[in-house]
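The values are calculated or read from the model by the stated rules, or taken from the named source; none is laboratory data. Owing to the predicted nature of the structure, the values given are computational and were not obtained by experimental measurement. Neighbour counts run over all protein chains shown; Cβ positions are idealised from the backbone, glycine included. Only protein heavy atoms, including side chains, enter the accessible area calculation; ligands, DNA and RNA are left aside. Shrake-Rupley method; radii C 1.70, N 1.55, O 1.52, S 1.80 Å.
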Amino acid sequence: QVQLVESGGGLVQAGGSLRLSCAASGSIFSISDMGWYRQAPGKQRELVTIITSAGSTNYADSVKGRFIISRDNAKNTVVLQMNSMKPEDTAVYYCTLFHRGITYWGNGTLVTVSS
(Lines give C-alpha, C1' and ligand atoms only; values in the text may rest on other atoms or scores of the structure.)
Protein backbone atom coordinates (compact mmCIF):
# COMPACT_ATOMS: atom_id res chain seq x y z
CA GLN A 1 0.00 0.00 0.00
CA VAL A 2 1.36 3.39 -1.04
CA GLN A 3 0.58 6.55 0.85
CA LEU A 4 1.83 9.99 -0.14
CA VAL A 5 1.78 12.92 2.26
CA GLU A 6 2.60 16.42 1.05
CA SER A 7 3.77 19.29 3.22
CA GLY A 8 5.12 22.80 2.81
CA GLY A 9 2.28 24.61 1.12
CA GLY A 10 1.21 28.07 2.15
CA LEU A 11 1.13 31.72 1.19
CA VAL A 12 4.05 33.43 -0.52
CA GLN A 13 4.51 36.75 -2.27
CA ALA A 14 5.26 36.92 -5.97
CA GLY A 15 8.98 36.51 -6.54
CA GLY A 16 9.37 34.42 -3.42
CA SER A 17 10.17 30.77 -2.88
CA LEU A 18 8.43 27.79 -1.37
CA ARG A 19 9.52 24.20 -0.81
CA LEU A 20 7.12 21.29 -0.99
CA SER A 21 7.94 17.86 0.36
CA CYS A 22 6.29 14.52 -0.21
CA ALA A 23 6.87 11.53 2.03
CA ALA A 24 6.01 8.14 0.60
CA SER A 25 5.28 4.93 2.46
CA GLY A 26 5.83 1.49 1.02
CA SER A 27 8.76 -0.29 -0.54
CA ILE A 28 8.47 0.77 -4.18
CA PHE A 29 9.59 4.39 -3.91
CA SER A 30 13.12 3.89 -5.21
CA ILE A 31 11.94 2.00 -8.30
CA SER A 32 9.12 4.40 -9.14
CA ASP A 33 8.90 7.63 -11.05
CA MET A 34 7.62 10.55 -8.99
CA GLY A 35 5.88 13.72 -10.02
CA TRP A 36 4.01 16.84 -9.02
CA TYR A 37 0.72 17.92 -10.52
CA ARG A 38 -1.21 21.06 -9.75
CA GLN A 39 -4.77 22.24 -10.17
CA ALA A 40 -5.62 25.91 -10.17
CA PRO A 41 -9.15 27.13 -9.40
CA GLY A 42 -11.43 26.50 -12.36
CA LYS A 43 -8.72 24.76 -14.36
CA GLN A 44 -7.77 21.21 -15.20
CA ARG A 45 -5.09 19.38 -13.31
CA GLU A 46 -1.73 19.71 -15.05
CA LEU A 47 1.60 17.95 -14.78
CA VAL A 48 4.29 20.21 -13.36
CA THR A 49 7.34 17.98 -13.22
CA ILE A 50 8.54 14.39 -13.15
CA ILE A 51 11.64 12.71 -11.81
CA THR A 52 12.34 9.16 -12.88
CA SER A 53 13.67 6.40 -10.67
CA ALA A 54 17.04 7.05 -12.32
CA GLY A 55 16.91 10.75 -11.49
CA SER A 56 16.08 12.21 -14.89
CA THR A 57 13.79 15.22 -14.74
CA ASN A 58 11.27 16.93 -16.97
CA TYR A 59 9.37 20.17 -16.43
CA ALA A 60 6.36 21.94 -17.84
CA ASP A 61 7.37 24.98 -19.87
CA SER A 62 5.55 27.23 -17.42
CA VAL A 63 7.91 26.30 -14.55
CA LYS A 64 11.13 25.50 -16.39
CA GLY A 65 14.05 27.41 -14.91
CA ARG A 66 12.10 28.25 -11.74
CA PHE A 67 11.14 24.91 -10.17
CA ILE A 68 13.47 22.07 -9.22
CA ILE A 69 12.44 18.53 -8.35
CA SER A 70 14.69 16.20 -6.39
CA ARG A 71 14.41 12.91 -4.59
CA ASP A 72 16.03 11.12 -1.69
CA ASN A 73 15.55 7.38 -2.01
CA ALA A 74 17.01 6.74 1.44
CA LYS A 75 14.25 8.86 2.98
CA ASN A 76 11.46 8.00 0.50
CA THR A 77 11.03 11.71 -0.11
CA VAL A 78 10.61 13.94 -3.13
CA VAL A 79 10.99 17.70 -2.92
CA LEU A 80 9.78 20.48 -5.17
CA GLN A 81 11.71 23.72 -4.79
CA MET A 82 9.73 26.59 -6.27
CA ASN A 83 11.52 29.88 -6.95
CA SER A 84 10.56 33.18 -8.58
CA MET A 85 6.98 32.33 -7.96
CA LYS A 86 4.13 33.96 -9.84
CA PRO A 87 0.45 34.46 -9.01
CA GLU A 88 -0.37 31.94 -11.75
CA ASP A 89 1.45 29.28 -9.70
CA THR A 90 -1.43 29.41 -7.24
CA ALA A 91 -2.94 25.92 -7.09
CA VAL A 92 -3.33 22.77 -5.09
CA TYR A 93 -0.16 20.73 -5.63
CA TYR A 94 -0.36 16.94 -5.66
CA CYS A 95 2.47 14.49 -5.23
CA THR A 96 2.24 11.41 -7.44
CA LEU A 97 3.97 8.06 -7.70
CA PHE A 98 3.92 6.08 -10.92
CA HIS A 99 4.41 2.33 -10.76
CA ARG A 100 3.46 -0.41 -13.23
CA GLY A 101 0.78 1.66 -14.88
CA ILE A 102 -0.78 2.82 -11.62
CA THR A 103 -0.72 6.41 -10.41
CA TYR A 104 -0.90 7.03 -6.69
CA TRP A 105 -1.95 10.47 -5.42
CA GLY A 106 -1.42 12.48 -2.30
CA ASN A 107 -4.21 14.61 -0.87
CA GLY A 108 -2.63 17.82 -2.07
CA THR A 109 -1.28 20.97 -0.49
CA LEU A 110 -2.46 24.49 -1.26
CA VAL A 111 0.00 27.05 -2.58
CA THR A 112 -1.11 30.66 -2.86
CA VAL A 113 1.05 33.32 -4.50
CA SER A 114 -0.01 36.90 -3.82
CA SER A 115 0.76 39.71 -6.25
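Amide H contacts of Gly108: Glu6, Cys95, each under 5 Å away and 5 or more positions distant or on a separate chain (H built 1.01 Å from N in the peptide plane; Pro and chain starts excluded). Taken one residue at a time, the phi angles of the stretch 88-103 give Karplus couplings (6.51, -1.76, 1.60, θ = phi - 60°) of 6, 7, 4, 4, 8, 9, 10, 7, 9, 10, 10, 8, 6, x, 10, 10 Hz. Gly and Pro are set to x.
Would any residue of the stretch 34-67 have its amide N under 19 Å from a label point 7 Å out along Cα→Cβ of Leu11? List them or say none. Label zone hits: 41. Excluding ligands, DNA and RNA, the accessible surface per residue across the chain is 53 Å² with a 1.4 Å probe. Calculated on the Cα set of the stretch 1-89, radius of gyration then Dmax: 13.2, 38 Å.
What percentage of the solvent-accessible surface of the chain, computed with a 1.4 Å probe over protein heavy atoms, is contributed by carbon and sulfur atoms? Result for the chain: 48 percent of the exposed heavy-atom area is carbon or sulfur.
With the simple spin-label model, which puts each label point 7 Å out from Cα in the Cβ direction, the His99 to Ser25 separation comes to 1.3 nm. Hey, for a label at Thr52 modelled as a point 7 Å past Cα toward Cβ, could you say which residues of the stretch 59-86 have their backbone N under 15 Å away? The answer is 59, whose backbone nitrogens lie closer than 15 Å to the label point.
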